[in-house]
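Read through the structure below, which is laid out as structure tokens, and then see the notes.
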Amino acid sequence: MKRILLTGISAVGKSVVIEELARRGYYAVDLDCDDFSHWAALTDELTTAAGTPVEAERDWVWREDRVAALLADEKADALFVSGCAPNMGKFRPQFDHIILLSAPAEVTVERLQTRTNNPYGKLEEERERVLDLKESVEPLLRQSAKHEIVTDIPLEAVVEEVLRRVK
């Protein structure tokens, strides 16, 4: 089975792309949900990850046992997952493709302010954190990604580009 990670900072389109892939019949899972992520107290390991945590004492991280089980599942030819978490580096070697989704800062801010599927980003300090992550974390994601897709184009075009890159 081919495993594909769609990653990037908040508001670049990870969730809408993974939803569209699922709608088209692909095995596609958003890891940024309670089933696959949870709040964890900061540890030395988590605090060495780049970027600032969501909160001073804790961060939103992948549930490692559940993500490992998902990646071990062989029920489809391809598995698309989306997400970005401080502990995702543990899983990087298991992916056949890592695709960074990115967007210009002004597009990211507009999406944070107007999105309706997630309340994160409505507060000024949350938007500032996302812009900080764009400067500190996105370059690291770019280094580990095989491909980058700038998502300031229509969703249909982004999904087609994802599919083209993994074939």
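Please treat every number below as a calculation from the coordinates, not as lab data. Here the structure is a predicted model, which means the values were calculated and not measured. FYI the Cβ positions are ideal-geometry reconstructions off the backbone, even for glycines, and counts take in every protein chain you see.
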## Note on the structure
Quick calc, Asp77 & Arg142: beta-carbon distance into FRET formula, R0 30 Å, rounding 0.05, result 0.65
### Query
Cα centroid distance between the range 1-26 and the range 88-167, in Å?
10
### Query
What is the set of long-range amide H partners of Ser102 at a cut-off below 5 Å, with H atoms built 1.01 Å from backbone N?
Ile149, Val150, Thr151
#### Entry: Max mean-square fluctuation residue, GNM over the chain, Cα-Cα springs under 10 Å, options Arg63, Arg23, Arg127
Arg23
### Task
Quote the FRET efficiency, to the nearest 0.05, computed for Lys90 versus Val166 with a Förster distance R0 of 22 Å and r equal to the Cβ-Cβ distance.
0.50
### Task
Just subtract the alpha-carbon distance of Asp132 and Arg23 from 0.36 nm times their residue separation and send over the number in nm, one decimal.
36.0 nm
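What GluC sites (Glu not before Pro) does the range 61-167 have in DSSP loop regions with at most 16 other beta carbons within 10 Å?
Working: sites: Glu64, Glu74, Glu106, Glu110, Glu124, Glu125, Glu126, Glu128, Glu135, Glu148, Glu156, Glu160, Glu161; in loops: Glu74.
Of the GluC sites (Glu not before Pro), the ones in loops of the range 61-167 whose Cβ has at most 16 other Cβ atoms within 10 Å are Glu74.
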#### Entry: Cα-based shape type of the chain, given that a ≥ b ≥ c are square roots of the gyration tensor eigenvalues and the cut on a/c is 1.5
oblate
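In nm, what is the difference between 0.36 nm times the number of residues separating Glu124 and Asp65 and their Cα-Cα distance?
Details: separation 59, 0.36 × 59 = 21.24 nm, distance 3.40 nm.
Separation in residues times 0.36 nm, less the Cα-Cα distance, equals 17.8 nm.
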